[in-house]
Amino acid sequence: MGIWIDENGRIVRPAEPAWTSTRTTVYGGKALDTEGEQYVAALRDWVANGDRSPYVLSDEEFAQRVKPRSPSEMEAEATFKRRLIHMPSSDITRAYLASLYGHTDRHEEARRLWDELMAINPHYTIEHARQVLPYRDPEPLEHFVQGLRKAGLTQ
């Protein structure tokens, strides 16, 4: 784990996985790539540039990273991640997880998932999801779309 603390004692990045080399580890039968060289490069940039480094989090970004999540949010995230282990090419699971990340202000993670979704299914659209998902009540579908909107993934 790595935590970045500046000369004034201000935490500029909260505790996060920190590797010094890139490697692949298998968890639950799924390969997890760690990007150690990128982490070290970001750390060096911060050491050289201080608060001008793009890797320093704003107070708002920092607060979002350490904000406690509700049990239902944690359960939903775990469920979607388990589903991706069993169905790694699932576009709709990525869309739901991206929506969850949008609702919890984890927009960078939502955009990364959306990029993965587009690589798997470049023709995926919210309109198609509206047509094929079995929603009798439009409220849950609108909640799904709102999460994507919050992450900047749809109009």
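The table that follows gives values for the structure above.
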{"item": "Single residue of segment 103-155 satisfying the filter (β-branched (Val, Ile, Thr) and either within 25 Å of Ser58 (Cβ to Cβ) or touching a Leu at 6+ places or on another chain (Cβ under 6 Å) (or both)) that is surrounded by the most Cβ atoms within 10 Å (Cβ to Cβ)", "result": "Thr104"}
{"item": "Options Thr24, Thr20: the member that is over 23 Å from Ile85 (Cα atoms) and of a type in the set (S, T, N, Q)", "result": "Thr20"}
{"item": "Restricting segment 56-65 to residues that are of a type outside the set (D, E, K, R) and over 16 Å from the mean Cα position of the chain (by Cα), the residue that is farthest from His103 (Cα to Cα)", "result": "Val56"}
{"item": "Residue satisfying condition, being surrounded by fewer than 10 Cβ atoms within 10 Å (Cβ to Cβ), in contact with a strand residue (DSSP E or B) (Cβ under 8 Å, 6 or more places away or on another chain) and hydroxyl-bearing (Ser, Thr, Tyr), within set Thr34, Thr24", "result": "Thr24"}
{"item": "Whichever residue in segment 1-21 is surrounded by 11 or more Cβ atoms within 10 Å (Cβ to Cβ) and modelled with pLDDT under 85 and, among such residues, is farthest from Leu57 (Cα to Cα)", "result": "Trp19"}
{"item": "Helices (runs of 4 or more DSSP H) completely within segment 1-87 that count 2 or more residues being farther than 23 Å from Gly147 by Cβ", "result": "36-49"}
{"item": "Flag for Ser89 being among the polar types (S, T, N, Q), exposed (fewer than 14 other Cβ atoms within 10 Å of the Cβ) and not assigned by TED's automatic domain parsing to the domain that holds Lys150", "result": "no"}
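The values are calculated or read from the model by the stated rules, or taken from the named source; none is laboratory data. Just so it is clear, the model here is predicted, and its values are computed rather than measured. Using ideal geometry, Cβ is built from the backbone for each residue, glycine included, and neighbour counts are taken over all protein chains shown.
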